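Following: one structure in structure tokens, then a few remarks.
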Amino acid sequence: MTAIQSITEKIKKDSKLMNKPIAEQKEHVYETSDLNLWYGENHALININLDITENEVTAIIGPSGCGKSTYIKTLNRMIELVPGVKTSGEIRYRGRNILDKSYKAEDLRTRVGMVFQKPNPFPKSIFENVAYGPKIHGIKNKKLLDEIVEKSLRGAAIWDEVKDRLNQNAYGLSGGQQQRLCIARCLAIEPDVILMDEPTSALDPISTLKVEELVQELKKEFSIIIVTHNMQQAARISDKTAFFLNGEVIEYKDTNTIFSNPTDKRTEDYITGRFG
Amino acid sequence: MAEREADSLLFQPCLGWKGVFVLALGNTEKYSVQQMIMDKKSKKSNRLNVEKIIPGLLLLTAIISVLTTLGIVFTLIFETFTFFDRVSLKEFFTAQKWYPFSETSASYGIMPLISGTLKVTGIAALVAVPIGLATAIYLSEYASEKTRRIIKPILEVLAGIPTIVYGFFALTFVTPILRSFIPSLEIFNALSPGIVVGIMITPMIASLSEDAMSSVPNSIKEGAFALGATKLETAIKVILPAAISGIMASIVLALSRAIGETMIVSVAGGSTPNLSTDVTSSIQTMTAYIVQVSTGDAGYGTTIYYSIYAVGMMLFLFTLAMNLFAQFISRKFREEY
């Protein structure tokens, strides 16, 4: 059985499991047009045009250095923390260009949460980690915070594991638990979009599975964009997949189509494991 | 299939040659690296002894500083006991006056000296903690690499100025300026040296706190930014708490230095021990008293001579307590990451 066939099998199985309803007219959360990005002289993203639909999981795949992390970090402007970054073009989030200087990065990031490659909880208690977001945005009511923390931890499927030790330091948790705590922290401010930058690359297979199941749950309420170097993962969990190579989008389609019937030779080579 | 053949060819030599790896250099010369290493080793048999001697020498140097500390503490304790043979502990801690130079009615109450030291240290803390922390936050969170490269060396220069210079700066520059605001301020007072000691320890707090804050992992900072936190919110609510143990340690360390600071208070603080909370009048700190006696002509064996050891002992206990306090604080507030 060839690699393509086995992946196709998997997708068929997965989509049966998911039992996806046919989407009604869904809106675009992000519309990227002619986005270019430079790190100093290095042209890292070249003429990106990509529309991302709400309440779906959009996977971004590609070999290392293809610009997939750069792209996702541009979506909440975390890329600005890198010195010497220049951009041109537009990324419209819910219709407004976020690359416009008048768009405050803090406002954007309150709407667009992010989960990082390595779990990065704050060196605080589990409770404080989740309550941090609401707190900095002015929610002080203790009872309300309790509710938000419980809801977020339940949402991130970690409540049962931590409910008895909310006041312990988050660094006592395992890597997989820490990552789900970071997801809970992100959920606590009820974002619109969740960006995930290789969220399972530092996790063991069982924790990975848990996070993947979680993503399936979360997409009912949130739009999720996930960068992954794991093609099986993209095939398992995403609705649409974009294949990046050397800073360009080579192919962007329904996940089923891209894995079973890629148009571009380079996409096919990549997903069958010939390079990358 | 062709590839596999190439692979097996590559591996064959390794499998074939067990033991000595022989390289051919040019046409004729052949040598074995293992053999050469063996030869060198047999020539350097004393190498083994060096490996054994060096740790001993290193231990010896470590012991030197331990022994010195023990020696100082022992001397202090020994002479302090002699002092307390002549002056009761009760008088030392409860008498309201430090007046050792009177022939007839000498009084050895340490409290006025302690009050002088605490006044100066307190004022120094009020000056140094806010300025030092603000500088640290600016340097670690806001300053560009270029600004940091300019400001940090200047801070370090500030820390390297001899304290006698600070002393005259306090007496001839700060005091006159203060007196134009506070007419009742005496020439020698607690306020002016307090402020200047604060200026002196600011770089210490700034620099050590900056180190503590810079060593908070970037990923934690990114986590806060990704939740929509501003730079200030991230600095105050995430970075500062994460670095708190290092910051506390830097503050306590700096205050220990303020307690032990001698020249500034000797020059600008005066030599009138008095037990009060007034910062405008002349004071004497524990350190300044020791200087006064050491530079004066108190004879060996007099009570005054022994009193400097008792005062020194108090100073030592103060700084020791500060250090233990720092350790306690940093353990209690440590946020693991």
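Every read-out reported here was derived from the displayed coordinates using simple, explicitly stated rules and does not represent laboratory data. If you're wondering where the values come from, they're calculated on a predicted model, not measured in any experiment. Note: ideal-geometry Cβ built from the backbone for every residue, glycine included; neighbour counts use all protein chains shown.
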Calculate the spin-label point distance for B:SER180 paired with A:THR257, positioning each point 7 Å from the Cα along the beta-carbon direction, and give it in nanometres.
7.9
Counting other Cβ atoms within 10 Å, which chymotrypsin sites (Phe, Trp or Tyr not before Pro) in the stretch B:48-106 have at most 11 and lie in a DSSP loop?
B:PHE101
Using alpha carbon centroids, what distance separates the stretch A:202-248 and the stretch A:145-190, in Å?
20
Please say if chain A is rounded, prolate or oblate, where rounded means a/c under 1.5 for a ≥ b ≥ c the square roots of the C-alpha gyration tensor eigenvalues, and otherwise the choice is prolate for a/b larger than b/c and oblate otherwise?
oblate
So how far apart, in nm, are the two label points at B:THR303 and A:GLU213 if each is 7 Å from Cα heading toward Cβ?
8.2
Give the average, rounded to an integer, of partner chain Cβ atoms located within 10 angstrom of each Cβ in B:216-222.
4
Convert 37 °C to kelvin, take the viscosity as 0.692 mPa s, use the Kirkwood radius over C-alpha pairs of the stretch A:41-98 as Rh, and evaluate the Stokes-Einstein diffusion coefficient in µm²/s, rounded to a whole number.
257
Quick one: if the Förster radius is 56 Å, what FRET efficiency do A:SER102 and A:GLU161 give, using the C-beta to C-beta distance and rounding to 0.05?
0.85
Consider just the alpha-carbon atoms of the stretch A:201-268 and return their Rg together with their Dmax, both in angstrom.
12.8, 35
What's the longest piece of chain B with no exposed trypsin sites (Lys or Arg not before Pro), counting a site as exposed if DSSP puts it in a loop and it has at most 15 other beta carbons within 10 Å?
B:45-333
Trypsin sites (Lys or Arg not before Pro) in the stretch A:191-231 lying in a DSSP loop, each with at most 11 other Cβ atoms within 10 Å of its Cβ, come to A:LYS220
For the stretch B:197-238, take N as its residue count and report Rg(C-alpha) divided by 2.2 N^0.38 Å.
1.45
Sites B:LEU126 and A:ASN42, calculated FRET efficiency, Cβ-Cβ separation with R0 51 Å, nearest 0.05:
0.55
How would you order A:196-207, A:264-275, B:304-315 from highest to lowest mean count of nearby Cβ atoms within 10 Å?
B:304-315, A:196-207, A:264-275
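Using R₀ = 35 Å, calculate the FRET efficiency as 1/(1 + (r/R₀)^6) where r is the Cβ-Cβ separation of B:SER281 and B:ALA134; round to 0.05.
0.70
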Which of rounded, prolate, oblate describes the stretch B:240-295, given a ≥ b ≥ c as roots of the alpha-carbon gyration tensor eigenvalues and a/c under 1.5 marking rounded, otherwise prolate only if a/b is larger than b/c?
prolate
Send over the semi-axes of the protein assembly as shown's equivalent ellipsoid, whole angstrom and largest first, taken as the square roots of 5 times the C-alpha gyration tensor eigenvalues.
64, 37, 23
Ordering A:84-94, B:121-131 by per-residue average of other C-beta atoms within 10 angstrom, highest first, gives B:121-131, A:84-94
With 0.36 nm assigned to each residue of separation and the Cα-Cα distance removed, A:ASN141 to A:GLN117 gains 5.4 nm
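I'd like the Kirkwood hydrodynamic radius of the stretch B:285-337, using the inverse of the mean 1/r over distinct C-alpha pairs, in Å.
Final number for the Kirkwood radius of the stretch B:285-337 is 13.2 Å.
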Once whole DSSP H runs in chain B are found, which of them have Cα atoms spread over 30 Å or more along the helix axis and a mean Kyte-Doolittle score of at least 1.0?
B:47-86, B:111-137, B:191-214, B:303-333
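Defining a contact as two alpha carbons under 8 Å apart and six or more residues distant in sequence, what relative contact order in percent does chain A show?
28
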Report relative contact order for the stretch B:92-332 in percent, whole number only (criteria: Cα-Cα under 8 Å, sequence separation at least 6).
28
Please express the shape of chain B as an equivalent ellipsoid: the semi-axes are the square roots of 5 times the eigenvalues of the C-alpha gyration tensor, given largest first in whole angstrom.
58, 32, 18
Averaged over residues of B:240-248, the number of beta carbons from other chains lying within 10 Å of each residue's Cβ is 1
For chain B, which longest stretch is free of loop sites, where a loop site is one of the GluC sites (Glu not before Pro) that DSSP puts outside H, G, I, E and B and that has at most 13 other Cβ atoms within 10 Å?
B:104-335
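Between rounded, prolate and oblate, where does the stretch B:234-337 land on the alpha carbon gyration tensor, with a ≥ b ≥ c its root eigenvalues, rounded for a/c under 1.5, else prolate if a/b exceeds b/c?
Note, shape of the stretch B:234-337 comes out prolate.
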